[in-house]
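Asks: Pasting in a structure now, in structure tokens, and then I'll have a few things to ask.
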Amino acid sequence: MRATKFAASGIIRLQSQSHHWGPQMSERELAERVAELERVQAICELKYRYWRACDGKDPDAMRACFVRSGAKIDYGPVGTYDDADPLVAVFTKVALRRLDDGRWAVLDMHHGLHPQITVHDAMRASGQWTMHFRQLDLAREIERLSTGEYTDEYVIEDGEWRIAASTYVPRWSLSRPFGDATVSGGDPL
């Protein structure tokens, strides 16, 4: 199987010159293309599920996005790990902390953009994503904005796509006080 790159816009860049479009495409070729598109969609859903788990303060759902053991994770300032469990422990400590009045200490918002997924074969893929991150730190009354780039490796484990390796490189960030802003809501879904 050839490696195929997909972009979120649906534009497909094939690395093979021999691909036929239109009526000349065989049923087998069409089935292969559909299977590749389904793999890309499943990987995108995995990454979205990961970010939704982070924002929803759900450590179990976050952990389920990674391979059972041995995930290679380098999230820069958040840390470097040889497995997802230590990352989930840090996430749990930070994301599930509450203030004295019972409100969450931090509220997070992850938005993943511009996915470029390369399907290597039926069991392996890699991807790049841009992330926009926003955090409200209610304890310090600070808003943080940042953006950065993820580079991921994905594998099939137990019939599902999982993150086997993930690196995050921050691009820029901004921190500013709330000032006279009012923060409301923030309970997990």
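Values quoted throughout were computed directly from the atomic coordinates according to the rules given, and no laboratory measurement underlies them. What you see is a predicted model; the values in this text were computed from it and never measured. Cβ sites come from the backbone with ideal geometry, for glycine too, and all protein chains shown count toward neighbours.
Asks: Towards the positive end of the charge dipole of the range 77-125, with charges on Cβ (+1 Lys, Arg; -1 Asp, Glu), say which of M123, W104, L87 has the farthest Cα.
Replies: In the range 77-125, that residue is W104.
Asks: Multiply the residue separation of D101 and D60 by 0.36 nm, subtract the distance between their alpha-carbon atoms, and state the gained length in nm to one decimal.
Replies: Extra length from D101 to D60 when fully extended: 12.2 nm.
Asks: As an exercise, find the ratio Rg/Rh for the range 45-98 from alpha-carbon atoms, using the Kirkwood inverse-distance average for Rh.
Replies: We get a ratio of 0.94 for the range 45-98.
Asks: Using a basic spin-label model with each label point 7 Å from the Cα along Cα→Cβ, how many nm lie between A139 and D83?
Replies: It works out to 2.6 nm between the two label points.
Asks: Size of the dipole of the chain about the Cα centre, Lys and Arg at +1 and Asp and Glu at -1 on the beta carbon, nothing else charged, in debye to 20?
Replies: 340
Asks: Between A35 and M123, what length in nm is gained on full extension when 0.36 nm per residue of separation is reduced by their alpha carbon distance?
Replies: My answer for the length gained is 30.5 nm.
Asks: Which value, to two decimals, describes the C-alpha radius of gyration of the range 20-112 once divided by 2.2 N^0.38 Å?
Replies: Against the compact-globule rule of thumb, the ratio is 1.54.
Asks: Further, regarding this structure: With everything on Cα atoms, drop me the angle between helix 27-55 and the longest principal axis of the chain, reported from 0 to 90° to the nearest 10.
Replies: Approximately 10 degrees, to the nearest ten.
Asks: Calculate how steeply helix 84-95 sits against the longest principal axis of the alpha-carbon atoms of the chain, using the helix alpha-carbon long axis, and give the answer as 0 to 90 degrees to the nearest 10.
Replies: 40
Asks: Write down the Å³ per residue value for the convex hull defined by the alpha carbon atoms of the chain.
Replies: Spread over its residues, the Cα hull of the chain gives 138 Å³ apiece.
Asks: Could you estimate the translational diffusion coefficient of the range 97-189 from the Stokes-Einstein equation, with Rh from the Kirkwood formula over C-alpha pairs, at 10 °C and 1.306 mPa s, in whole µm²/s?
Replies: 102
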